[in-house]
Structures are given as structure tokens and as C-alpha cells.
Amino acid sequence: MKNYSLTKVNYLSDGLKICALQYIPHKNSKCPAIVMAHGFGLPKEAYINKFAELFAENGFAVILFDYRNLGESEGTPRGEINPFMQIDDYKNSISYAASLEKVDANRIGIWGTSYSGGHVIVTAATDRRVKCVVSQVPTISGSQSSSRRMPAQKDDGYWKLVSKDRINRIKGKDPMMKKLVGEANLNPLYPMEEAREYYTKAQTLSTSASNEVTFRSTEYARMYEPGVYASLVSPTPILFVVALKDIVTPTDLCLKSYQESLQPKELITLPGGHFTPYIEQFDIAAKAALNWFLNHLY
């Protein structure tokens with residue numbers, strides 16, 4: 001028998017309805033809480049609910065939410081990934097968690113992975129309600145990650161598409177879209193095979209998953225520099241979970257950001273690439289996160 005109840009809930013973030021899975025432990029006293037969401041373009045059911053279940057089994061209330069414009073949450077354009085708005089969704093989800101009768105508002109932590117691994121760094125640095133952070137395979141520098149992923153000879157073509165999309169929008173046309181993964185002829189955002197394998201499987205786990213985002217989402221991603229905030233998280237404790245062969249959120253950038261962070265902090269490294277924490281190395285990644293939350297929220 002599970003040690004928690006699971007319900008689907010809705011609450012507002014800047015006037016838009018956010019859909020979340022809410023885990024509440026079966027205990028009489030108030031619980032610490034963990035707020036969490038997925039990375040780039042994926043909904044709440046795509047593997048990370050397993051992390052939420054582990055946290056809930058160990059006495060944490062958990063709010064696992066879909067960002068605006070994605071999954072089951074409201075917002076348009078659909079598939080628009082604006083990291084700055086997603087950070088606001090984190091902060092408004094913290095507010096929702098703090099409002100719950102069973103939650104101790106003074107013991108709220110946040111967990112993020114990949115793109116949201118960057119979000120939790122920024123959120124913790126700018127919102128002192130956060131008492132503990134786990135940042136797994138985080139986005140550190142959108143500009144550097146993008147430049148490594150895109151050959152220089154394709155740069156001019158990319159910026160022409162940015163201009164075309166913006167002109168289309170002011171004329172009232174639908175936003176241009178970009179495939180997340182797929183065959184090379186589709187020019188997907190993530191052309192590497194490990195990404196295609198992960199996203200393809202992850203998308204089958206949710207009826208609200210989509211394999212495309214707005215083209216402008218890639219423009220926002222290039223502007224996003226969460227590593228700038230790493231040294232500002234302290235005195236909030238932060239755990240970095242870094243994959244040693246990560247080419248999506250490059251390992252060297254993650255390790256550099258860890259070095260720039262101040263105490264209290266801890267680093268856990270995993271063999272393999274960007275997607276290993278969700279499946280192959282799940283036990284190590286999840287238990288490290290759980291122990292960090294137990295040490296700093298209980």
C-alpha cells in the first residue's frame with residue numbers, strides 16, 4: 001500500500017491554469033514539500049514521476065507540474081518554451097505548495113532536470129522561500145550549448161528563420177514549429193541518437209506529449225544563461241547531479257558551474273550521457289536527490 005495519496009490538481013500561474021500531480025503523504029503532521037517539473041518540451045508523466053513517487057514514499061509532499069503552453073496546462077502558443085515564464089511557473093507552484101494545509105511552508109525544496117535544472121538554479125537564487133535544491137544534468141549556458149550543437153555554417157540560415165518567424169507572427173500567422181527529435185531530414189532540435197531514443201519513449205508515457213515546439217523556443221534557449229546565477233544560490237544548499245559524458249548539457253559547463261557555486265553544495269557524478277539519470281542510473285540519481293532533501297528539509 002502506498003504511503004501517500006495522488007491527485008491531479010489545477011492552480012493559476014499568471015492567470016493560466018497549471019495542471020499538476022499532487023502527492024500528499026499519509027501522516028498527521030505537516031510535511032516538507034518538493035516542487036518539480038521536466039526539462040525541454042516534456043510533460044510531467046515522462047519518467048520523472050518516478051522521482052516524485054520516491055520522494056512521496058519518504059514523507060515529502062510533491063507538486064509535479066506541467067508548464068504553461070505544455071502538457072495538460074493552459075497557454076498559447078502551444079509548445080512555446082519561454083524559460084523566464086517557466087521560472088515564474090516554478091515560483092507560482094511554490095506558492096501553491098505553501099498554501100496547502102499539509103505542507104510546512106518553511107520547508108520547500110525544488111528539483112529540476114536538464115532545462116529545468118537551470119530553472120531551479122535561477123529560482124533558488126531569486127526566491128528565498130526555497131530551502132533546498134537539486135539540479136540534475138542542468139542547462140548552464142544556452143549560448144554555448146547551442147553553438148556546440150549547431151555547425152557554424154548553418155548559423156546564417158538559422159537567423160533568417162528567426163526573422164521569418166517574427167515577421168509571420170506580427171502578421172498574425174501561426175508560429176513556425178520545430179521537431180524535437182526525428183530523422184536527419186527533419187532537421188530536429190536534438191539530432192543525436194540517444195536523444196531520439198529517450199524522447200520517443202518518453203512521449204509514449206503521456207497522452208499530452210508533443211514532438212514539436214515553437215521555433216521561437218530555440219531563440220529563447222540561446223538567450224538563457226542560468227549559470228550566471230550559480231554563485232547566488234548560497235546559502236541555500238544545492239546538489240548537482242552531472243553525467244560525465246553529457247553532450248546535451250555539456251559536462252564541462254556543469255562542472256564549471258558547480259565550482260562557481262558556494263557552500264553548502266555537493267556533486268554527484270554519473271557514468272554515461274545526458275539521459276542516463278532517468279533510466280540506467282535512476283537509482284543513484286534518485287537516491288542522491290532523496291538524501292539531499294532528507295538532510296536539508298527534515
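DSSP beta bridges confined to the chain are antiparallel in about 40 percent of cases. A crude spin-label estimate for the pair LYS173 and LEU244, with each label 7 Å from Cα along the Cβ direction, gives 4.9 nm.
Partners of LYS91 within straight-line reach, counting lysines whose Cα lies under 16 Å from its Cα and excluding those fewer than 8 residues away in the same chain: LYS17, LYS131.
Pairs of Lys residues in the range 177-298 are counted when their Cα atoms are under 25 angstrom apart and they lie 8 or more places apart or on different chains; the count is 11. The calculated FRET efficiency for the pair ARG148 and LEU232, based on their C-beta separation and a Förster distance of 25 Å, comes to about 0.50.
Each principal axis of the Cα cloud of the range 34-129 was taken in turn, and the coordinate range along them, longest first, works out to 35, 28, 22 Å.
A cut-off of 5 Å between modelled amide H atoms, ignoring neighbours fewer than 5 places along the same chain, links LYS265 with ILE238. Span-like helix criteria (full DSSP H runs; alpha carbon extent of at least 27 Å along the helix axis; mean Kyte-Doolittle hydropathy of at least 1.6) are satisfied in the chain by no helix. Only helices enter this figure: runs of n ≥ 4 DSSP H residues, each worth -39500 (n - 2.57), summed and divided by the residues of the chain, yield -11000 deg cm²/dmol at 222 nm to the nearest 500. Taking the Cβ-Cβ separation of SER99 and ARG166 as r and a Förster radius of 51 Å, what is the calculated FRET efficiency to the nearest 0.05? E between SER99 and ARG166, to the nearest 0.05, is 0.85. Using the Cα gyration tensor of the range 76-144, with a ≥ b ≥ c the square roots of its eigenvalues, what is the shape: rounded (a/c below 1.5), prolate (a/b larger than b/c) or oblate (neither)? Verdict is oblate for the range 76-144.
Values in this text are rule-based calculations from the coordinates and carry no lab data. Being a predicted model, the structure only gives us computed values, none of them experimental. No Cβ is skipped: glycine too gets one built from the backbone with ideal geometry, and neighbour counts run over all protein chains shown.
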